[in-house]
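Laboratory data are not the source of any read-out in this text; all were calculated from the coordinates shown. Predicted model, so just to flag it, every value in this text is computed and none were measured. Reconstructed Cβ throughout: ideal geometry from the backbone, glycine too, with neighbour counts over all protein chains shown.
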Amino acid sequence: MLEPHYHIIPRLLGDEIAFGAGGVLMVDADLREAARVEQIKHALSELQAVNEKLFIVQKHLHHMVAQAYALGATSVVRCGREIVPKLAQIEAAARASHDGSSSITPEMANYAKGFASMFSAIQRGKPINLSDAENVTSQIIANIAQDGLTAWLDSVRRYHEGTFQHCLLVTGVAVGFALETKFAELDVKRLGVAATLHDVGKAQIPLSILDKPGRLDPSEDKIMKRHPVIGYELLKDIPGISPEVLDGVRHHHEYLDGSGYPDGLPAGQITDLVRLLTISDIFAALIESRPYRPSMSRQDAYKILCDMEGKLELPLVRAFRKVALAA
Ligand SMILES: [Fe+2]
Ligand SMILES: [Fe+2]
């Protein structure tokens, strides 16, 4: 299928694997087996120079996708048919990076790994490590303070997929907003952590629903809408978690007119942090890049926010303008 266009060097786990930095490392293993996972970890620790790691996760094992990212995957496919288009995408991104636009950095790979570890821990029934979430948030804050939001959004959209891409975008947008509005350091961090964790409940939503290309049918939608409560339940007993963060996780889909979920809160019970998080979440979801549709421009996404009068706080949306449209 891949030859002669690609030069393939097959290796078995346990073999010595020499690898140049320029290629794509493809990993095809059953990630349910702890021994395999250990072998892959070991092999990858010696292959740090390889930028592109494509994991093939069999369709029926789709809950292993987070495990693959936690091991350092930069892309995941679920069947043989997806390999060729994915390689073409990786090649196109590599060409773009030769043209001078930025390529994936080790830091960026690390952020994705941080998110992947959280999701994979949840799927294995393990508790979320709050300090991991705090660390990844601090790094994202430092990155955006230094390089700006646009660079962040561009590299995240180029390199990450699905739910991780969404969480990285929401955190970036929320942090960009907080920095622009000159929040106190502690508040930037609090909003950032709330954004990092806002969708952790999605770790328990089936991927067939999470990654469904088209519209969800009513029963799927009902399952999807459980994620804020699932996230809240996963986090509420963790020592040291702040009430604001819990509030953000549970209520980021509430609207000021009471039409949101899960609690249908009225405006008076929706805090400022939650209002900011909701705006960041909607904006990030609109500009996401998905395999089946091009991403919306930041201008168009901002217009949609402006049209949500009654649901979002307009003075905040106005304050968001600079963040949304900054070049
Ligand atoms: Fe959400
Ligand atoms: Fe979200």
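When R95, R11 are arranged by Cβ crowding within 10 Å, least crowded first, meaning fewest neighbours, the order is R95, R11. Once you reduce the stretch 109-132 and the stretch 219-242 to the center of their Cα atoms, the two points are 15 Å from each other. Starting from the Cα of D187, move 7 Å in the Cα-to-Cβ direction to define the label point; list residues of the stretch 284-316 whose amide nitrogen is under 16 Å from there. What the label zone holds, given the 16 Å backbone N cut-off, is 315-316.
Arranged from fewest to most other beta-carbon atoms within 10 Å of their beta carbon, E288, E82 become E82, E288. Quick check: Cα centre of the stretch 59-87 to Cα centre of the stretch 159-204, how many Å? Each part reduced to its Cα centre gives a spacing of 24 Å. Simple spin-label estimate for A88 and Q39 gives 3.3 nm between the two label positions (7 Å along the Cα-to-Cβ direction from each Cα).
The relative contact order of the stretch 38-183, computed from alpha carbon pairs under 8 Å that lie at least 6 residues apart in sequence, is 21 percent. Residues H251, H62, H166, H5, ranked from the fewest to the most other C-beta atoms within 10 Å, line up as H5, H62, H166, H251.
Can you list the equivalent-ellipsoid semi-axes of the stretch 150-251, largest first and in whole Å, using the square root of 5 times each Cα gyration tensor eigenvalue?
Whole-Å semi-axes of the equivalent ellipsoid: 25, 20, 10.
Note: relative contact order over the stretch 144-190, using C-alpha pairs below 8 Å and six or more positions apart, is 39 percent. Beta bridges assigned by DSSP with both partners in the chain are antiparallel in approximately 10 percent of cases. Maximal additional length on extending the L314-L12 stretch stands at 103.0 nm, based on 0.36 nm per residue less the C-alpha distance. Given their separation in residues at 0.36 nm each and the Cα-Cα distance between them, D272 and R95 gain 59.5 nm when the chain is fully extended. Calculated on the alpha-carbon coordinates, the convex hull of the stretch 6-158 measures out at 122 cubic angstrom per residue. The Stokes-Einstein estimate for the stretch 236-280, based on a Kirkwood radius over Cα pairs and taken at 37 °C with 0.692 mPa s viscosity, is a diffusion coefficient of 309 µm²/s. Within the chain, the whole DSSP H helices whose Cα atoms reach 20 Å or more along their own axis and whose mean Kyte-Doolittle score is at least 0.5 are 162-180, 272-287.
So which GluC sites (Glu not before Pro) in the stretch 1-61 are both in a DSSP loop and have at most 16 other Cβ atoms within 10 Å of their Cβ?
E16, E33, E46
Over the chain, the hull volume per residue, using the convex hull of the C-alpha atoms, is 141 Å³.
Placing R0 at 56 angstrom, the Cβ-Cβ distance between D132 and E3 gives a FRET efficiency of 0.85 after rounding to 0.05.
Taken as Cα centroids, the stretch 1-40 and the stretch 249-327 sit 42 Å apart, rounded to the nearest whole angstrom.
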